[in-house]
């Protein structure tokens, strides 16, 4: 078992689930567009809004998750630097 840091407070790890917010879809689309402007088109294989905020029928933590698939791992380090 990994020891916890001395200043660890489990209350800080609390995640609140909230009702779906219809604005999440637009927020995700805006972030995806930003990613598309940063990365060269030839690198991109797929970009998707994923996770609980992408599913309107469930409660979610209010964090937008985005999956970015790239054409090849040789682009990965360059993409991270951007």
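None of the figures in this text is laboratory data; all of them are computed from the coordinates on show. Quick caveat: nothing in here was measured; it's all calculated off a predicted structure. Here Cβ is always computed from backbone atoms with ideal geometry, including for glycine, and neighbour counts include all displayed protein chains.
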Using alpha-carbon pairs under 8 Å, 6+ residues apart, how would you state the relative contact order of the chain in percent? 32
Cβ-derived FRET efficiency at R0 22 Å, residue 29 paired with residue 58, nearest 0.05: 0.65
Classify region 40-82 as rounded, prolate or oblate from the Cα gyration tensor: take a ≥ b ≥ c as the square roots of its eigenvalues, call it rounded if a/c is under 1.5, otherwise prolate when a/b beats b/c and oblate if not. prolate
Across 5 Å bins beginning at 0, the whole-percent shares of Cα-Cα pair distances in the chain come to 3, 12, 19, 15, 12, 13, 15, 10, 3, 0
With angles folded into 0 to 90 degrees, how steeply does helix 23-38 sit against the dominant principal axis of the chain? Use alpha carbons for both and round to 10. 50
What FRET efficiency do you get for residue 11 and residue 45 if R0 is 41 Å and r is their Cβ-Cβ distance, rounded to the nearest 0.05? 0.55
Label-point separation, residue 81 to residue 38 (7 Å along Cα→Cβ), nm: 1.5
Highest mean first, how do 36-45, 62-71, 12-21 rank when packing is the count of other Cβ atoms within 10 Å averaged over residues? 62-71, 36-45, 12-21
